[in-house]
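Each remark here refers to the structure printed beneath this line.
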2 protein chains.
Amino acid sequence: MSHPESHEPPLPSDGRHRVVVVVVSPTCDDGRCPAKRVVGDRVRVVADLVADGHDVVAGVVRARAPGATAWRELPLTACGNDRFAAELEVDRIGRWEFSVEGWVDAFASWLAGLRRKAEVDEVADVDLAIGAALVRAAATRAGGEAPVLVQLAAQLDDVGQLAAERARALLADSALAELVHRHPDREHATSSETHAIIVDPEHAAFAAWYELFPRSTGPDGQHGTFRTTEAWLPYVREMGFDVLYLPPIHPIGRSHRKGPNNTTQAAEGDPGSPWAIGSREGGHTAVHPALGTLADFDHLVGCARDQGLAIALDIAFQASPDHPWVREHPSWFRHRPDGSIQYAENPPKKYEDVYPFDFECDDWRALWTALRDVFSFWIDHGVTIFRVDNPHTKPIVFWQWCLDSVKARHPEVTFLSEAFTRPKLKFALAKAGFSQGYTYFTWRSTKDELERYMQELTATGVAEFFRPSLWPNTPDILPEELQYGGRPAFVTRLVLAATLASHYGIYGPAFELMAHEARPGSGEYLDNEKYELKRWDIERPDSLRRIITALNKIRREHAALHRNDSLRFHATDNDMLICFSKTSGDDAVLVVVNLDPHHRQSGWVQLDRDALELATDRPFQVHDLLGGGRYLWHGPRNYVELDPHAMPAQIFAIRRRVRTERDFDYYL
Amino acid sequence: MSHPESHEPPLPSDGRHRVVVVVVSPTCDDGRCPAKRVVGDRVRVVADLVADGHDVVAGVVRARAPGATAWRELPLTACGNDRFAAELEVDRIGRWEFSVEGWVDAFASWLAGLRRKAEVDEVADVDLAIGAALVRAAATRAGGEAPVLVQLAAQLDDVGQLAAERARALLADSALAELVHRHPDREHATSSETHAIIVDPEHAAFAAWYELFPRSTGPDGQHGTFRTTEAWLPYVREMGFDVLYLPPIHPIGRSHRKGPNNTTQAAEGDPGSPWAIGSREGGHTAVHPALGTLADFDHLVGCARDQGLAIALDIAFQASPDHPWVREHPSWFRHRPDGSIQYAENPPKKYEDVYPFDFECDDWRALWTALRDVFSFWIDHGVTIFRVDNPHTKPIVFWQWCLDSVKARHPEVTFLSEAFTRPKLKFALAKAGFSQGYTYFTWRSTKDELERYMQELTATGVAEFFRPSLWPNTPDILPEELQYGGRPAFVTRLVLAATLASHYGIYGPAFELMAHEARPGSGEYLDNEKYELKRWDIERPDSLRRIITALNKIRREHAALHRNDSLRFHATDNDMLICFSKTSGDDAVLVVVNLDPHHRQSGWVQLDRDALELATDRPFQVHDLLGGGRYLWHGPRNYVELDPHAMPAQIFAIRRRVRTERDFDYYL
């Protein structure tokens, strides 16, 4: 059985590290990828510090802000069961680093033992002498405070015969403990690995997006431009959106240009898909001449910024056959045995108007660098938010490098991943650095589906690295319920998106004008805006703009809706009624939605009092922020009834705290 | 916002590793500590292999047996959702290593695409030419199989005009795919980190231990010896135990020797506590002269081995004031300011007869090495199983090194941790290398307590590194229910320990003779064997030896009871009735226990059919292995009634499969 050839482990270089440190949170993949937060967040750092025996353990979080060289330290507080925590305020955008350090606190251990002895009058001189030695040792580390410590040590030595009583007096004086505690012996401290936290701007966690095709903003059916888009800014801003997201603005290829409804033959004058990027007029760093000039684009960005709107650009890493890179860098594309370039396909579907890049080509270094520089180019033009098209068809290792590279210079930049793909690939992209990701919300419609999915995203480790962005529609996706559910379905999906997640968006004006006709046999819009110019009558009286405005106002005014970590679902006795809440400090919002767009639904909701921190014995007031009603609820069980044709949802503010004069006015 | 001083990440050395590999299991602390298995286990290695896009991913588990230099490879099978698995049989004791490697399989991806195209008759020559190129590339890696591949490539090139039809014929031939698959292009494969699995002997997972004080085996009240212990071997073996565990066998100190019932004054002739180790006759590598000589001990070990019993030794790293090391190595002990050595204490408790070692002393290297050599010494005397006393009062980093060091030479050695301490410290010791650990089972008595605790230990990640050993009693612990519950309580706790866990033990003969008197105000035995010789009348007619024998036989004959991973609890409508099952292949055992030692309890159990893999529409037979009854159960809901004074438990074998002639006899 004996294996004399085996290597015996050497003795550790220092065997006196008695504490084992395991960082519990925030981490993803056990520290292999950074957790995500936004600026101003208070990050609860939690770690297990385990030492043998009964000695007292102490520790700190060591944290370094982006760009800083110095580490600062925050003391850890014991939470019981060998768990410790500290709160780190991340007050700067960028990549933070932290580690956790723990050590056995000999003085605190001695003090605790002595206090137990003092209780039974068994303190001996020698016990005090041990403490005196520890205090003297602390004095050697104490700099200016050394003399006080030396004096204290002498007092301990002097206690003499009246040991127990005088010791008790000394020990009752917390100043001694605090003073020694300031100069701990950390020679044998154990440190965790260093973990990272990516701190983004607030809008990475909390934002409402509006997607708009600039070319459809022209008057009288003309091709819209950046200038005509400027005229739409007040409309978008007044609805309360934070981000105006534009599909690709680059020159569109002519070869194999798609016609209306994705037909393969484009007629003269058909504008083509903005995702077929590149023509003789330029590629990913050019603008479509019909939209205007780069200077016009810069003007639009500035104009939007002045109105409180950020412009987000769609970056799609693919090329039309006319893209300049096809000529300049043929090695960046995959060539077939017959010499032709491989177009995009997912058999039997073919996308002849689009060439994918070959990320595995021999010249990958130059390709990757050029793609990274696309982001740099638009950042130099004032864009700090990108929506990345189909990132899941490009290597994860590319995104890891590319996003890191951009963020190293521009930590304020965020990237929304448009990856409607397999769950683990979506998550791998988030771990690689995407700031948010599109979700399956678009196809989750039943109560059970919505609850399970949102719990997976907000109440598991996924929440540390993946920020869900909820979209009821996109130019690619017109879900069945919007096709057949009428106005109630639009309102329902809007309320769900805007309240279930702090980050959401709509593709407009198709959404607020309730465009609902699908190309037969598909889940896509009939006469899809991807292939043609549209004229939208945004003044139509049945537009949803008013309810959108109200929703975005509620979102803004209620801190509870600015994050997802407090999301809790509450039981209802009717599967057509979904009920959930979010809280933040004093703010609590409760949402009830009728998922049936056709019929009035009623039932009882059973509130989870703990989730809402409701007192068990007092009635509480709820205020319907959408409908305006105010109700006194007397317990956790309450009756609700929702007519989808009137309003399929209620969003209640819950008054849980003793009221002040100010909020008396507001709530009553 | 821009931070020009930030370091931009360099391009990766190879950007063409498209697969991300994350090992899912078996791992502990994400690979920081090895998982545990026993020899012969089939280890299911599971990993997530995620690549961008829709390409087919392939991979292998690479595994290396202990002492081997070569790695062997096992192909991974796709389980869906980007998860892959393979089964590794660990057929050798020691430290195994494994990693997982994944790559994009270009040929399989091409084949999958082509099959979809062939379905809609859209295969073009160029598609086949792409495949031919891939086959030719495989040929360059194929050695002796190259000619066949070259020929196949030529066939693909030749298909010509009848592409679709002939391609279909070629593709339907799985030999081509298999042949290419044998010679994959792994140039850009991604490998996980290397993980370890500690493979122990079978008894590390499945064993019944019996603790016995050799000094109490003497005839007529004389001090027992190793020779008189030999006479007890048949008794222990006939009850079906695998391991005979002896408290420390070393010379016992005289200074501050404890008297009966832990009194501080020992009378002349009091034998002292075996845990006060060391006297002028020697320390941790000596035997107590009253027990005999080292040669006698060797004889006992051999004698036991011949009867199928392994001897386990108690190793307690502490010294009596008379231990030779106190003189020889004063620096290994903590000295107080008055020059005295610090005895063990946990204020206000004092253990003046025991000096702890100072693991943090300047001479820690010599101390650690000497302690490791204690194990080596006893291994040289044929002991391969150790029970380590109070490991939680010695540094975790020491155990990590010490156990690794012993196992490097003797991988067959196992260590049971006697750590009744904080949960995370218990687990840290298991991660540091202990083979099993004592548990809180000793104090878990209600249904809810037992279910929760056993689920934590067997159905979470804890099971990968912590093997629970269940003890109803120890010389230190006489739980309240054994004090007051009479014979039914002893039987109940015995059945629970022996069936809830594959590893259990009892302190005998105190257990089978139902010693139940506690020292007033304590949870310890009155007239504790730790401080005095006992005479046990093992022939007493009320002894539990027969039921112990029956239980150990059931354990041995039922593979279901050899592991813990299949443990499932089943609902009962009476909180005094606990019901659980274990399965292994065709074997299924169901246990029902009345937790009330005083009253008959009855109720309905609701079996979890999935856990038992029961057909939903057929009655099944159960055979009470303890009581002998045979019953036909017609569904998942069944009535049970247990009189604790007759037999507080039923252990059913469940016949779930179509019977063969052989088991027909057994069950009917």
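A compact table of results
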read-out	value
Placed amide H near A:E211: partners under 5 Å, 5+ positions off or other chain	A:Y245, A:I506, A:Y507, A:G508
Label spacing, shortest first and in nm, from B:P289 to its equivalents in the remaining copies (7 angstrom along Cα→Cβ)	11.1
Cβ-placed point charges (K, R +1; D, E -1), dipole of chain B about Cα centre in debye, nearest 20	900 debye
B:D643/B:T446 FRET efficiency (R0 22 Å; Cβ-Cβ; nearest 0.05)	0.65
The stretch B:81-210: projected area of the alpha-carbon convex hull, averaged over directions, in nm²	11.9 nm²
Candidate lysines for bridging to B:K582, where Cα separation is under 18 Å - those fewer than 8 sequence places away on the same chain excluded	B:K447, B:K553
Largest-first ordering by accessible area, 1.4 Å probe, given options A:H323, B:H634	B:H634, A:H323
Heavy-atom SASA rank of B:L625, B:L632, B:L470 (probe 1.4 Å, accessible area, largest first)	B:L632, B:L625, B:L470
Chain B, helix-only ellipticity at 222 nm - DSSP H runs n ≥ 4, -39,500 (n - 2.57), divided by all residues, nearest 500	-8500 deg cm²/dmol
Degrees separating the helix A:106-119 axis from the principal Cα axis of chain A, which is the longest one	60 degrees
For the stretch A:73-123 versus the stretch A:560-625, the gap between their alpha-carbon centres in whole angstrom	39 Å
Net charge of Cβ neighbours under 15 Å - reference A:R280; Lys, Arg +1; Asp, Glu -1	0
Dipole magnitude of the stretch A:75-184, debye to nearest 20 (Cβ charges: Lys/Arg +1, Asp/Glu -1, about Cα centre)	160 debye
Tilt relative to chain A, helix A:226-238 - C-alpha long axis, 0 to 90 degrees, to 10	50 degrees
Residue closest to axis [chain B; rotation mapping onto A; Cβ; Å]	B:D30, 2
For B:50-59, mean number of other protein chain Cβ atoms within 10 Å	5
Nearest-first distances (nm) between copies at B:R535, label 7 Å from Cα via Cβ	11.5
Among B:S25, A:A153, A:P619 the positive-end extreme of the charge dipole of the protein assembly as shown (Cβ point charges)	A:P619
Scaled radius of gyration (Cα, divided by 2.2 N^0.38 Å) that chain B gives	1.19
Cα-projected label distance for B:E281 with A:Q455, points at 7 Å along beta-carbon direction, nm	6.4 nm
Equivalent-ellipsoid semi-axes of the protein assembly as shown, from the Cα gyration tensor, Å, largest first	64, 39, 34
Formal net charge of residues neighbouring A:D314 (Cβ-Cβ distance under 11 Å; K, R +1; D, E -1)	-2
Area hidden from solvent between A and B (accessible, protein heavy atoms only, 1.4 Å, total, Å²)	7000 Å²
Relative contact order (%) - chain A, alpha-carbon pairs under 8 angstrom, separation at least six	10 percent
Pairwise centroid distance, computed over Cα atoms, of the stretch A:443-513 with the stretch B:381-416, Å	56 Å
Degrees, to the nearest 10: B:447-458 long Cα axis against longest axis of chain B	60 degrees
Where B:T458, B:T263 fall by accessible area, highest first, once all protein chains stay in place (1.4 Å)	B:T263, B:T458
For residues of A:125-131, the mean tally of beta carbons on other chains within 10 Å	3
Per residue convex hull volume, Cα atoms of the stretch B:108-160, in Å³	64 Å³
For B:D610, net neighbour charge (Lys/Arg +1, Asp/Glu -1) across residues whose Cβ lies under 14 Å away	+1
Paired Rg and Dmax values of the stretch B:478-597, which use every Cα atom, in angstrom	16.1, 49
Protection-proxy order for peptides A:178-190, A:590-602, each taking the mean of Cβ atoms within 10 Å per residue, highest first	A:590-602, A:178-190
Spacing of the two label points (7 Å from each Cα toward its C-beta) at A:E238 and A:A78, in nm	6.2 nm
Accessible-area composition of the protein assembly as shown, carbon plus sulfur, in percent [1.4 Å probe]	50 percent
Prolate/oblate/rounded label for the stretch A:183-335 (Cα gyration tensor, a/c 1.5)	oblate
Position A:E328, label points 7 Å along Cα→Cβ, spacing to each other copy in nm (shortest first, one decimal)	8.0
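The values are calculated or read from the model by the stated rules, or taken from the named source; none is laboratory data. In this text, all values refer to a predicted model and were calculated from it rather than measured experimentally. Counting neighbours? That spans all protein chains shown, and the Cβs are built from the backbone with ideal geometry, glycine included. SASA here: full protein model, heavy atoms, side chains in, ligands and nucleic acids out. Shrake-Rupley method; radii C 1.70, N 1.55, O 1.52, S 1.80 Å.
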